Every structure is written in structure tokens, then in C-alpha cells.
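**Q** Structure incoming, see below.
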Amino acid sequence: SGHSAETGGSITIIRRGATPSVAGPAGQYTGMVFLDQSFAARNPARAAGVRITFTPGSRSAWHTNPHGEVVLVTSGKLVAQEENGPIEIALPGDVVYFPAGIKHWYGAAADSGAAALALAEMKDGRSADWLDAVTESQYAGTNVSEAQSRHITISRVGSQATVRANPDYFTGPAH
């Protein structure tokens, strides 16, 4: 499939940098967005994902995901919004969950770039249904009143207890 990969038995490892960065397609993104290490699982698995880097002010178009989408923020300040909801801010280590079928977008804040790992499951060969571009007024939040997000969930860094790994499944020092 064009990926530089190492295989050992049933395991495939796609090494970092084995595939070039590509610009986010114009119909799916506004501004300078870079996609790296995209993958789609092989049948029967349905997982798909991509590492996305947003420059300040860049963002995805409105879209839905047939099985939902999970976005793990790795750097910068990510902004996200579901249709008719407020703009939410997520920071490194935060996990943003968009349920199946919920119209949403996300991208970088105007004053900061952002990077994230986006994960979704495939259905009928696709992980997203792309819709209209996010307008400047939507991005600026001027079309939103005192609405509250009804569907977006953000798990904040430190909001869940850290647990020790089960030694039956992992080896090495436990800290």
C-alpha cells in the first residue's frame, strides 16, 4: 500500500518518517494543515487514524464520523465545536470524543498551532463524511450564544486516576 513497513509474523510496524507529510485536502481543511502517518486497519479491524498538525487558525471542515471520533491532543491549543454548541478548548494530554453522527469541527486556536492524533472507525470504507467549510464567523464563535456542548466529551489531563499496570501483562519497572 505504499507504506514502508517492517513485518515480523503478524505484526506490521510503519516507522516514523516512512511516509511523507501531506497537505490536508482543501475540501476538508482550511489553512495550512499537515497529515502524517495515516493508517487504516486491515479487515476485520475498523480502526483508522492520522497525526494532524494545524498551524494557527487552521481547522477541519464540518464533518461527522459514522462510529464517532477520538482526538488526543499532543501539543498546542486545539479548539473544537459541535453544531450549535460553544467552542471548546483542549490542551496537550486532553482527549476529545465526538459521538457517532454528531456534526463537528476542530483545529488550532488563532494564537497557537496544535497537533493531535485523530482516531475513528471505518464503515463502508470511510471514517468521515465531510461537509461545508467552517466560516470565519463560526471559527470566531460569533454565531454561538450561551449554548452548551451536548455531545462533546473532553477528558482533561489529571482528571482520571493513574493506575499501576497489571504485572501479569507488562514487564519492566513500574513507577
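**Q** Counting just the residues of region 101-140 that are assigned to a loop (DSSP other than H, G, I, E, B) and out of contact with any strand residue (DSSP E or B) (no Cβ under 8 Å at 6 or more places or on another chain), which one comes out farthest from GLN37 (Cα to Cα)?
**A** THR135
**Q** Same structure, new question: Please report, ordered by residue number, the strands (runs of 3 or more DSSP E) entirely within region 1-98 with at least 1 residues that are more than 15 Å from LEU117 (Cα to Cα).
**A** By residue number, 5-8, 11-14, 78-82, 88-90.
**Q** Quick one: which residue in ARG46, ARG51 is touching a residue at least 40 places away in the same chain (Cβ under 8 Å) and within 13 Å of the chain's Cα centre (by Cα)?
**A** Selected residue: ARG51, the only one of ARG46, ARG51 that is touching a residue at least 40 places away in the same chain (Cβ under 8 Å) and within 13 Å of the chain's Cα centre (by Cα).
**Q** Considering region 88-102 alone, what residues qualify as being open to solvent by 60 Å² or more (accessible area, probe 1.4 Å) and free of Cβ contacts under 8 Å to residues at least 60 places away in the same chain?
**A** Matches in region 88-102: ILE89, TYR97.
The values are calculated or read from the model by the stated rules, or taken from the named source; none is laboratory data. Keep in mind that this is a model prediction, so the values were computed, not measured. Every residue, glycine as well, gets a Cβ built from its backbone with ideal geometry; the counts of neighbours run over all protein chains shown. Each accessible area value is taken on the protein alone, full model and side chains, heavy atoms only, with ligands, DNA and RNA left out. Shrake-Rupley method; radii C 1.70, N 1.55, O 1.52, S 1.80 Å.
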